[in-house]
Amino acid sequence: AFSAEALVRWRHPTKGILSPGVFVPILEKSNYISKLDKYVISKTCKYMQKWFKELPDKNIKISVNLSRNDLLIEGFPDKLAEVVRSHDIPLSALHMEVTESAYIDNPERLIKQINNLRDKGFFVEMDDFGAGFSSLNTLKDINVDKLKLDMKFLSGDNTDKKGKIIIASIIKMAKALGLPIIAEGVETKEQADMLLDFGCSQMQGYYFSKPIPASEYEKILYGNK
């Protein structure tokens, strides 16, 4: 299987490439974030439609981020399913990433919408797990298909003993719950080896690849026919 996460960058005419941290908070405040998410999802589906047609044996899965605003839209799971089906790709191939901090604002609504997404056939991942303050409550109340472990627990020099203990405990807990887990933000071989020792075999981060354009990712896919 080939997996990736669809990320967005703004190619500003004078300031160059801007990261999401610069413009996404502004879009969230102005309620334009859902339009951006819709654009990213539609664009991702177009790429996936091509890849599924030309590389039917690859079992490609792409994760996209959903904002908390998306989850407040009535009938959102149905609208999302329509978009995906219109591109003739399996709903389960498009993974929905929902940050655990979204749980704080409207937990009942979030739980309902995630259940609706999963009932439709979508694969839901809890993003940035451990970055907020509601992690254990969120894990207890919300049914998801995978955890994305935030590697911010570790300091840059990898000597943070407490952080390592927390990461090992989360991985062990996820296994006990029968919940797959992927570590994000892996930047060094030492971190990757540590995670493998802890029993986490799925990872993403700069150690494996920096964010690349879809055309570059496509070369990887086609280069591994």
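Here each label is just a point 7 Å from Cα along the line to Cβ, and for Leu177 and Lys50 those points are 3.7 nm apart. Within the chain, the selection of entire DSSP H helices by a Cα span of 24 Å or greater along the long axis and an average Kyte-Doolittle value of at least -1.0 returns 33-54.
Taking square-rooted eigenvalues a ≥ b ≥ c of the alpha carbon gyration tensor, is segment 1-120 rounded, prolate or oblate, where a/c under 1.5 means rounded and, failing that, a/b exceeding b/c means prolate? Oblate, because a/c is 1.5 or more while a/b does not exceed b/c.
Shape verdict for the chain, please, from the Cα gyration tensor: rounded (a/c under 1.5), prolate (a/b greater than b/c) or oblate. Taking the square roots of the gyration eigenvalues as a ≥ b ≥ c, the chain is rounded.
Placing dummy labels 7 Å off each Cα toward the beta-carbon, the span from Asp193 to Glu218 is 3.8 nm. Once both labels are positioned 7 Å from their Cα atoms along Cα-to-Cβ, the gap between Asp105 and Lys38 label points is 1.7 nm. Averaged over residues, the count of other Cβ atoms within 10 Å places the peptides 102-113, 18-29, 61-72 in the sequence 61-72, 102-113, 18-29, highest first. Just the number, please: carbon plus sulfur as a percent of the accessible area of the chain, 1.4 Å probe, no ligands or DNA/RNA counted. Ligands and nucleic acids excluded, carbon and sulfur reach 54 percent. In the chain, the DSSP-assigned H stretches of four residues or longer account for a calculated mean residue ellipticity at 222 nm of -14000 deg cm²/dmol, using -39500 (n - 2.57) per stretch and the full residue count as denominator.
Taking Lys and Arg as +1 and Asp and Glu as -1, the other residues whose beta-carbon sits under 14 Å from that of Pro213 total +2.
Rolling a 1.4 Å probe over the protein heavy atoms gives the chain an accessible area of 57 Å² per residue.
The values are calculated or read from the model by the stated rules, or taken from the named source; none is laboratory data. The structure presented is a predicted model; accordingly, all values stated were derived computationally and were not measured. Glycine also receives a Cβ, built like all others from the backbone with ideal geometry; neighbour counts cover every protein chain displayed. Ligands, DNA and RNA are stripped out before the accessible areas are found, and what is left, the full protein with its side chains, is counted by its heavy atoms. Shrake-Rupley method; radii C 1.70, N 1.55, O 1.52, S 1.80 Å.
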